[in-house]
Each structure stands twice: as structure tokens, then as C-alpha cells.
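The values are calculated or read from the model by the stated rules, or taken from the named source; none is laboratory data. Since we're looking at a predicted model, the values are computed, not measured. Backbone-built Cβ (ideal geometry, glycine too); neighbour counts: all protein chains shown.
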Ligand SMILES: [Zn+2]
């Protein structure tokens, strides 16, 4: 264990959350900004007063695309699949898989599935 704050260790809280079927995000106690890509400072106001919170799992589709050709062997078995960016109720935007047929502005809730040992998010209506 190291106390050094590298990007890898910062992301670990997020990865650990997924393994527990939780979407965790960083909340800035200075301005209220929420971010899911772990940084050591707020991307909105620059404050370093960040705390991890767990999302309700509910949000709204911000962008959606269908991936017909998987970028790697690990995902080839899943293709074609739907990838979305969801704006969570807490304000953080997060990318994940989604059930087929979702559209922009649909209300969705996160579920989780394990693919080749990695927990991934799948949004459902
Ligand atoms: Zn901030």
C-alpha cells in the first residue's frame, strides 16, 4: 500500500465501487461539482476538497451509440452493443453499456454485469 496519490490509486476507489455494484464519484465540497474521472483537484473550481460519494444509480441518457465493431478482443463477444453517456442525478457524467433501444433523454438506472472478470455498468430503462 502506498499513500501516494497517483491516477491509478485514485481510480481504484471507482473500480472498487463497481465491484460492489456501486457507482462512485468525486464530490467537490467547495463548489458542489461532481466528477467520475478521478483527479486530485476539482475540474470546475480547482479546490482539492474532494470526497467520494456513491451515486443513486439513476440518471438520464446524454448520448448513445451502437458499437458494431468492438475495439478489442475482450469486447468482440458482446458486439453489437449500446454504449451511452449518462448524466447521473448527482451531476456526474459516466459512460457505460446500455440495453438496446435506449434513446437520449431516457431515464435509466444502473445495473452491473461481469465480463471476463471485470465489473461493467449496464444502464436499463
Ligand atoms: Zn469545485
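Assess whether residue 32 counts as being modelled with pLDDT under 95, out of contact with any strand residue (DSSP E or B) (no Cβ under 7 Å at 6 or more places or on another chain) and at positive phi.
Details: modelled with pLDDT under 95: no; out of contact with any strand residue (DSSP E or B) (no Cβ under 7 Å at 6 or more places or on another chain): yes; at positive phi: yes.
Taking the combined requirement at face value, the residue does not satisfy it.
Only strands (runs of 3 or more DSSP E) wholly contained in segment 7-125 count here; list those with 3 or more residues that are touching a helix residue (DSSP H, G or I) at 6+ places or on another chain (Cβ under 8 Å). Steps first, answer last, please.
Working: elements: 24-28, 50-54, 58-67, 81-88, 93-98, 107-115, 118-124.
Per the criteria, 118-124.
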Inset, instruction - Enumerate the pairs (first residue in segment 41-57 and at positive phi; second residue anywhere and within 14 Å of the ligand (Cβ to nearest atom) and modelled with pLDDT of 95 or more) with beta-carbon separation below 9 Å, excluding pairs fewer than 6 apart on the same chain, so at least 6 apart or on different chains. - result: 46/30
Legend entry - Residue that is over 18 Å from residue 123 (Cβ atoms) and without any contact (Cβ under 8 Å) to a residue 40 or more places away in the chain, where the choices are 79, 30: 30
Legend entry - Residue under evaluation residue 46, criteria (1) modelled with pLDDT of 95 or more; (2) in contact with a strand residue (DSSP E or B) (Cβ under 8 Å, 6 or more places away or on another chain); (3) closer than 24 Å to residue 9 by Cα; (4) surrounded by fewer than 17 Cβ atoms within 10 Å (Cβ to Cβ), criterion not met: (2)
Inset, instruction - Within segment 7-25, identify whether any single residue is within 16 Å of the ligand (Cβ to nearest atom) and either in contact (Cβ under 8 Å) with a residue 40 or more places away in the chain or touching a strand residue (DSSP E or B) at 6+ places or on another chain (Cβ under 7 Å) (or both), and answer yes or no. - result: yes
